Amino acid sequence: MNIRRLNMKHAFSFLALVVTTTVGAVESDFQSAYLAVGFSRSAPAFTVFTLDALGQGKLVGNPVLTTTNPPVGALKFVAGKRGAFAYVAEAANAENLPAWEVVCREKTLKLRSRFVPGVSNPPFVLKFDQKANHATLLGLMQPGERRVALPCVLHLPDLGSVRIRSNVKGAKLDYDARRQVKPNFVEVCFPSATAAQTDVSYQLEVAAIYPPLRGIEQDARYDGFRRNYLNILQVNPRVRMLANNSSSDPCAFTVFKYSEIARHAPPLVDGLTALDLIRMTVDGYLAGAKGYGQVGYGPTNPVGADIIGWGSPYDSADTYPSLLIAACNYAQGAKDWKWARANYDQLAAWGRRIFEMDRDGNGLIEYPPSGNYGERPSSERRPANWWDTINFGHEDAYANALTYRAATQFAAVARKLAHQDDAEYFAAKAAKLRQVYVPTFLNPATGALAGWRSADGQLHDYWFTFVSGVAITYGLVDDKDANAILDKLLAKMTAVGYTNFDLGLPGNLVPVRKGDYIFHGQPPEQWGEPQLEDGSDGFQFYENGGATACFAYFTLKALYQTGRVAEARRILHPMLRSFAAGGWQGFCDDGRSKDWRDWKGGCYGYEGFLVDNYLALLAVLDEWDTKR
């Protein structure tokens, strides 16, 4: 149907031809195996928008936020045959032209706006209920703008992606997200045509974007990987950086994880890569932006982002290692040596800042708080790393593993850019750190790596799965020692009865005692803070042994790296089922979110979507290597 040529009388006769289908309990105006969409009758806006990027027709639920769109003056909704829709302008001089046209096909949508003199034509709105889906717009943003340059990618975790292009050079989409308003939302607006740009169109194409692995399309076990590979990438539009999710805090100490995923991602859309998003984020930090984990994050918030803030007088020990790893992954992955040269001095300063924390010269960095048992910092003086309810302090095994990775990578970058003195400096720092790492952290009583050695010389060992995993993954442990540590770790997992790998892995396998758990909030079954000295009443909740996919990657990678493929698959394959089922996004009936579970599957999270869970998808690349 050519809507443009309809007169108004005939146009409205087509309203009777609207054929609706249902997505869950919601009616849609168009549906295929790849997408279902519905449109407001009162203003240019979606009322239904859901995907199955694999084209399997799994169109369950509708994440579009239900709003009452105010009627827009002279625009009337018209529905035609074969996926054609329009918002037609009624004006004496408008010749009944559609101000907006929509054409739907099996896996594409086209939105077209024309300038109609004398008619107010608003943007076409797509607004998500963030509690239903943590949608994000992946693209480049300029300072001072809440707009994303085209082409870009709209990504809907657990559903797939949409590549968005425009016929207008330099076109941008308006983008916003909030979590401290009700309802939480993510909003994307497609600007309409203007007198200066009289004809604007947007092409939307459903896509599954993941690393090319030969034959993976024929194996349904990896469907969750194919839909969700980009889940870890969430741009917060108010800070213009990658963050915990699109309305949550940017965390400086997690940027390295995003960069590991990005380095293996295919192009997102013509002219845009995942590594471009890493560069945009690192550029923000280089320009002075702060993230959670850094001194000064939170007191001033000129962009109006919904953040928590970091009240500690110390940067977390994993912050600058994370940022330096991310910068190296970008430079090496994109081969952008021009960028690396332009920012070299500041990157080198980050590296030296890390090793200034080696205050006693023993090769390991030390975090200022002691980490001594019972000397818990206040809620403002946070522990040393990501696990910020556990009293990691002084010599932190996790942060030192990241430091080793950062030093070895930056030594290679320095060598590439002919900074030989720096290459030798950072290589020597890495070698010294590796030399003392296992002797410092290996607990002879358990055979596992402890989480930290406190200032009083004591080891704090709670069978941390991620500590041993990251140390082995990043090469701090020889193969013989690595296998011995993994033997002990897996035996302990069996002994404590953890087998529900659909939920991921616990960060620790035994309770963290009261004196080693920082105050976070009551009751224990929410935040894991024990009241009993042995920690048992807080165990299996949140960071005190709660199950999550966060950091499970390092255990999986350690197993694959040491040739223990069957043991890796025993953990990974149940996790893949959960990824396919959307097991780490959203909320349970009690209002707690799925990103943390107890060992029986009860929900004990709060974010609703925590990107760290999706680093584990990188293990599929190791899995696929074993199939060659």
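The values are calculated or read from the model by the stated rules, or taken from the named source; none is laboratory data. Worth saying up front: this structure is predicted, and the values here are computed from it rather than measured. Reconstructed Cβ throughout: ideal geometry from the backbone, glycine too, with neighbour counts over all protein chains shown.
Could you please let me know if Lys594 is buried (at least 16 other Cβ atoms within 10 Å of the Cβ), closer than 25 Å to Val510 by Cα, of a type in the set (Lys, Arg) and more than 14 Å from the chain's Cα centre (by Cα)?
yes
Looking at segment 428-475 only, could you name the residues that are farther than 19 Å from Gly371 by Cβ and of a type in the set (Asp, Glu)?
None - no residue of segment 428-475 is farther than 19 Å from Gly371 by Cβ and of a type in the set (Asp, Glu), so the list stays empty.
What pairs come up if the first residue lies in segment 291-319 and is over 25 Å from Asn391 (Cβ atoms), the second is at pLDDT 90 or above and part of a loop (DSSP other than H, G, I, E, B), and their beta carbons are under 7 Å apart, counting only those six or more places apart or on different chains?
As it stands, the answer is Val303/Arg238; Val303/Val239; Gly304/Arg238; Ala305/Arg238; Ala305/Val239; Asp306/Arg179; Asp306/Gln180; Asp306/Ser247, since those pairs meet every condition given.
Kindly list the number of the only condition in (1) closer than 30 Å to Gly608 by Cβ; (2) surrounded by fewer than 20 Cβ atoms within 10 Å (Cβ to Cβ); (3) not charged (D, E, K, R) that fails for Leu138.
That leaves (2) as the condition not met.
Mind listing just one residue for me: the one in segment 509-541 that is β-branched (Val, Ile, Thr) and modelled with pLDDT of 95 or more and, of those, nearest to Pro383 (Cα to Cα)?
Val512
Could you count how many residues in segment 498-523 are without any contact (Cβ under 8 Å) to a residue 40 or more places away in the chain and either on the phi > 0 side of the Ramachandran plot or not basic (Lys, Arg) (or both)?
Matching residues across segment 498-523 total 4.
So which residues in segment 581-591 are surrounded by 24 or more Cβ atoms within 10 Å (Cβ to Cβ) and not in a loop (DSSP other than H, G, I, E, B)?
Gln585, the sole residue that qualifies.
So which of Tyr404, Tyr398, Tyr437, Tyr373 ends up being under 24 Å from Glu529 (Cβ atoms), aromatic (Phe, Trp, Tyr) and assigned to a helix (DSSP H, G or I)? Steps first, please.
Details: Tyr404 fails: under 24 Å from Glu529 (Cβ atoms); Tyr437 fails: under 24 Å from Glu529 (Cβ atoms); Tyr373 fails: assigned to a helix (DSSP H, G or I).
After applying the criteria, what remains is Tyr398.
Determine the pairs where a residue that is free of Cβ contacts under 8 Å to residues at least 60 places away in the same chain, located within segment 445-459, has a partner that is outside any loop (DSSP other than H, G, I, E, B) and of a type in the set (Phe, Trp, Tyr) with Cβ atoms under 6 Å apart, the partner being 6 or more residues away or on another chain.
From segment 445-459, the pairs are Leu449/Phe441; Ala450/Phe441.
Which members of segment 141-174 meet the condition of being of a type in the set (A, V, I, L, M) and surrounded by 19 or more Cβ atoms within 10 Å (Cβ to Cβ)?
Here is the first cut: in segment 141-174, the ones of a type in the set (A, V, I, L, M) are 141, 148-150, 153-154, 156, 159, 162, 164, 168, 171, 173.
Within segment 141-174, Met141, Val148, Leu150, Val153, Leu154, Leu156, Leu159, Val162, Ile164, Ala171, Leu173 qualify.
Given the criteria in contact (Cβ under 8 Å) with a residue 24 or more places away in the chain, among the hydrophobic types (A, V, I, L, M, F, W, C) and buried (at least 18 other Cβ atoms within 10 Å of the Cβ), does Trp339 qualify?
So Trp339 fails the test.
Out of the residues in segment 230-284 that are in a loop (DSSP other than H, G, I, E, B) and among the acidic types (Asp, Glu), which is surrounded by the most Cβ atoms within 10 Å (Cβ to Cβ)?
Looking at the filtered set, the residue picked out is Asp249.
Going through segment 466-521 one residue at a time, which ones are outside any loop (DSSP other than H, G, I, E, B), within 18 Å of Gly451 (Cα to Cα) and among the hydroxyl-bearing types (Ser, Thr, Tyr)?
Ser468, Thr473, Tyr517, listed by residue number.
Any chance you could count how many residues in segment 176-202 are touching a Phe, Trp or Tyr at 6+ places or on another chain (Cβ under 8 Å), surrounded by fewer than 20 Cβ atoms within 10 Å (Cβ to Cβ) and not in a strand (DSSP E or B)?
Result for segment 176-202: 5.
Can you name every residue in segment 51-73 that is under 28 Å from Ala89 (Cα atoms) and modelled with pLDDT of 95 or more?
Val64
Leu559 - would you say it is within 21 Å of the chain's Cα centre (by Cα) and either surrounded by 24 or more Cβ atoms within 10 Å (Cβ to Cβ) or part of a helix (DSSP H, G or I) (or both)?
no
Can you find a residue that is within 30 Å of Leu154 (Cα to Cα), in a helix (DSSP H, G or I) and of a type in the set (D, E, K, R) anywhere in segment 287-294?
No, every residue in segment 287-294 fails to be within 30 Å of Leu154 (Cα to Cα), in a helix (DSSP H, G or I) and of a type in the set (D, E, K, R).
Applying the selection to segment 473-504, what residues are farther than 24 Å from Glu260 by Cβ, charged (D, E, K, R), out of contact with any Gly (no Cβ under 8 Å at 6 or more places or on another chain) and surrounded by fewer than 15 Cβ atoms within 10 Å (Cβ to Cβ)?
Lys480
Starting from segment 415-430, take each residue that is under 20 Å from Asn362 (Cα atoms) and in contact (Cβ under 8 Å) with a residue 40 or more places away in the chain and list its partners that are of a type in the set (Asp, Glu) and surrounded by 15 or more Cβ atoms within 10 Å (Cβ to Cβ), counting only C-beta distances under 9 angstrom and pairs at least six apart or across chains.
From residues that are under 20 Å from Asn362 (Cα atoms) and in contact (Cβ under 8 Å) with a residue 40 or more places away in the chain, the pairs are Lys429/Asp358.
Pairs only if they're at least six apart or on different chains, beta carbon under 9 angstrom, first in segment 486-497 and farther than 11 Å from Ser468 by Cβ, second at pLDDT 95 or above and in a helix (DSSP H, G or I); list them, first residue then second.
So the pair list comes out as Met493/Thr465.
Tell me, please, whether a residue that is among the small types (Gly, Ala, Ser), modelled with pLDDT of 95 or more, out of contact with any Leu (no Cβ under 7 Å at 6 or more places or on another chain) and surrounded by fewer than 18 Cβ atoms within 10 Å (Cβ to Cβ) can be found in segment 413-424.
Taking every residue of segment 413-424 in turn, at least one turns out to be among the small types (Gly, Ala, Ser), modelled with pLDDT of 95 or more, out of contact with any Leu (no Cβ under 7 Å at 6 or more places or on another chain) and surrounded by fewer than 18 Cβ atoms within 10 Å (Cβ to Cβ).
Outside any loop (DSSP other than H, G, I, E, B) and surrounded by fewer than 16 Cβ atoms within 10 Å (Cβ to Cβ), is that true of Arg352?
It is true that Arg352 is outside any loop (DSSP other than H, G, I, E, B) and surrounded by fewer than 16 Cβ atoms within 10 Å (Cβ to Cβ).
Looking for whichever is buried (at least 18 other Cβ atoms within 10 Å of the Cβ), within 20 Å of Phe554 (Cβ to Cβ) and touching a strand residue (DSSP E or B) at 6+ places or on another chain (Cβ under 6 Å) here; the options are Glu366, Glu395. Which one fits?
Of the residues listed, the single one that is buried (at least 18 other Cβ atoms within 10 Å of the Cβ), within 20 Å of Phe554 (Cβ to Cβ) and touching a strand residue (DSSP E or B) at 6+ places or on another chain (Cβ under 6 Å) is Glu395.
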